[in-house]
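S.K.: Please find one structure pasted underneath; my questions will follow.
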Amino acid sequence: MGLSPHVMIVDDAAVHRDTLSAMLVHAGVQVTACENAADALTVLRGDTVVDLILSDVRMPGMDGIEFSRQARKVRPATPLVLVTGRDSAMDAVMTGGNFALLKPYTAAALNGVLLEHLGITI
C-alpha cells in the first residue's frame, strides 16, 4: 500500500456513494467511486491501485455478489467488503472470502473495517 490508501466505492445510490466518498477523502484516503459493477470492473482491469473495495449488494444490473465473484478474478488479493441491509444476505455475502457490513452501519463499524484492512480510521 502507498502513502495514502485507495478505496473503491461501488454503489448505485448517489447519496451513499457521495457521502462515503466525502468522508474518506476528508480523512486523506484516495477514492474511486463507481455507480455500477461494470464501471468498477473496468477500473479494476486497469492499472489503478485499489487497497479496499466497498460495494453495495443490491444494485441494478450486476449485483454486489456477482461483482465480487468477477472482481476476485481480476484482483484476488484485494479485500472486498459487501454492504447489505438484509440479514438474510449475510451468508451469501461472506461466501468467497468477502467481508460484510450490515446497513445501517455506524461510524465505529466502518472504522473497524478500515482499521482491519488498511490500518486507518476516519
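S.K.: Among the residues in the stretch 31-53, are any open to solvent by less than 50 Å² (accessible area, probe 1.4 Å), touching a strand residue (DSSP E or B) at 6+ places or on another chain (Cβ under 8 Å), under 21 Å from ILE122 (Cα atoms) and at pLDDT below 90?
M.R.: no
S.K.: Here is a follow-up. Can you tell me which residues in the stretch 5-30 are open to solvent by 30 Å² or more (accessible area, probe 1.4 Å) and among the hydroxyl-bearing types (Ser, Thr, Tyr)?
M.R.: Listed by number, the list holds a single entry, THR19.
S.K.: Let me ask something else. List every residue pair whose Cβ atoms lie under 7 Å apart, where the two residues are 6 or more positions apart in sequence or sit on different chains, the first residue falls within the stretch 43-67 and is farther than 17 Å from SER21 by Cβ, and the second residue, located anywhere, is in a helix (DSSP H, G or I) and open to solvent by 10 Å² or more (accessible area, probe 1.4 Å).
M.R.: Once the first residue is farther than 17 Å from SER21 by Cβ and sits in the stretch 43-67, its partners that are in a helix (DSSP H, G or I) and open to solvent by 10 Å² or more (accessible area, probe 1.4 Å) give LEU44/VAL74; ARG45/VAL74; VAL57/ILE65; GLY61/ALA38; MET62/ALA38; ILE65/ALA92.
S.K.: Additional query: Only one of these conditions is not met by LYS73: (1) within 18 Å of LEU101 (Cβ to Cβ); (2) in a helix (DSSP H, G or I). Which number is it?
M.R.: Answer for LYS73: the failing condition is (1).
S.K.: What are the residues in the stretch 1-57 that are over 18 Å from TYR105 (Cβ atoms) and charged (D, E, K, R), if any?
M.R.: Hits for the stretch 1-57 are GLU35, ASP39, ARG45, ASP47, ASP51.
The values are calculated or read from the model by the stated rules, or taken from the named source; none is laboratory data. This is a predicted model, so every value here is computed, not measured. Neighbour counts run over all protein chains shown; Cβ positions are idealised from the backbone, glycine included. Note: accessible area is taken over every heavy atom of the protein model, side chains too, but ligands, DNA and RNA are not part of it. Shrake-Rupley method; radii C 1.70, N 1.55, O 1.52, S 1.80 Å.
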